[in-house]
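Trainee: Take a look at the following structure, please.
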Amino acid sequence: MNLDNELKSAIKETRIIAKLIKSGCTCLTCFVTNSFLIEEHHIGGRKNSSLKVPLCANCHLLATKNQLSYGQNWLLVSKTEAERARYVIEDLKFLIRRLEGNYGIN
């Protein structure tokens, strides 16, 4: 696959993910579409970011459990921008690993 085709593919995938997030009706990591099971997950935690993504109840529980492993500083309200950004990045990495594990994506 040449670079031009890879770029077009990445743009298409990004648009699909953006539509999933906007719809709020599909889990971003396992693609469950039952609207009764979908919850909003705060990336990095509510105190660190207003960015939210739709996750099913199971994926949301796992993502929140992962956040709790960050330690006591994660729960503090007064953090530096760098600390808040670190928690957001750690959360995104966790969600990517879940997606990769569910679908064998590398």
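The values are calculated or read from the model by the stated rules, or taken from the named source; none is laboratory data. Quantities reported herein were computed from a predicted structural model and do not represent experimental measurements. Ideal geometry is used to build each Cβ from the backbone, glycine not excepted, and the neighbour counts take in all protein chains shown.
Trainee: Report, ordered by the first and then the second residue, all pairs with beta carbons closer than 9 Å, sequence separation of six or more or different chains, a first member in segment 19-32 that is under 13 Å from residue 95 (Cα atoms), and a second member that is at pLDDT below 70 and of a type outside the set (Ser, Thr, Tyr).
Mentor: 27/20; 28/17; 28/20; 28/21; 31/20
Trainee: Restricting to segment 17-53, and then to whatever is surrounded by 10 or more Cβ atoms within 10 Å (Cβ to Cβ) and part of a helix (DSSP H, G or I), can you tell me which residue is modelled with the lowest pLDDT?
Mentor: 20
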